[in-house]
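Right, one structure below, let's go through it.
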């Protein structure tokens, strides 16, 4: 008995046997989940490839040809060289930058301010409705309305003459940069409603306790707005500003209907230059080059903006 007990005490403890079955089962489960996720994503990925990637690849290939719609001759990067040495393209690029700046400063800022002012006001819904209604109009309807207002014998000049301010009458749509400025104003009139709606949604997600706590600490008016409300709206601001940048880079309809890029090509944007070169002048290769440049600019601007937004801010722990 003592020998057995001594042997049992002297024997080293045996390690529990590990089985590979649980690991194999876990890996199998992860594979099935990944396969299920891939199956759900596949239709969306296929749609993106079919509607975006493939057309862009075809357009990029066509930009390497001197193509008039009937015959095509490979010219390599000649279209891009001609593009960046064309003064009309430089003016188009400048106008596009003006549109980006204008639609960031005006519709986004006005939408934010109006959303904050009407959020808790008794009759705020009436003011919001007046701002949102133009957003329901199409670009064509907006252009027709502002053509009636801004043409040489339009409502604006007639009103100025009637009230004794005839010296302020202008050829609003016939001179650059005035025509670009008034078209940005017209777009602001239409687009502010969308920014207002999105910022209003963001305001309604801010906890009431946060606002009350800030007021108890003495924050009022502009201090409350800038130091408490605006930081809380940062996620929604990212969305609104991102949409504004992309839409302004693709501006076409209102410029085409108000000025057709004129006088000459002075008020053209990149999208309008692409259309004119392709469908008016039948320079399909050159128009494809403009399209590629516009696409690269949109992707680069969106990527740089979103990349900056997801980076940790100063003082935050990443």
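Scanning segment 243-258 for residues that are surrounded by fewer than 23 Cβ atoms within 10 Å (Cβ to Cβ) and over 21 Å from the mean Cα position of the chain (by Cα) yields one hit, 257. Could you tell me whether segment 131-142 includes any residue that is surrounded by 15 or more Cβ atoms within 10 Å (Cβ to Cβ) and more than 28 Å from the chain's Cα centre (by Cα)? Looking for residues that are surrounded by 15 or more Cβ atoms within 10 Å (Cβ to Cβ) and more than 28 Å from the chain's Cα centre (by Cα), one finds none in segment 131-142, hence no. Criterion first (in contact with a helix residue (DSSP H, G or I) (Cβ under 6 Å, 6 or more places away or on another chain), over 28 Å from residue 295 (Cβ atoms) and surrounded by 13 or more Cβ atoms within 10 Å (Cβ to Cβ)) does residue 156 satisfy it? So residue 156 passes the test.
None of 27, 32, 17, 73 is at pLDDT 70 or above and not in a helix (DSSP H, G or I) except 73.
Of all residues in segment 271-314, none satisfies the criterion of being over 23 Å from residue 82 (Cα atoms) and at pLDDT 90 or above.
The values are calculated or read from the model by the stated rules, or taken from the named source; none is laboratory data. Being a predicted model, the structure only gives us computed values, none of them experimental. When we count neighbours, we look across all protein chains shown, and the Cβ atoms used for this are built from the backbone with ideal geometry, even at glycine.
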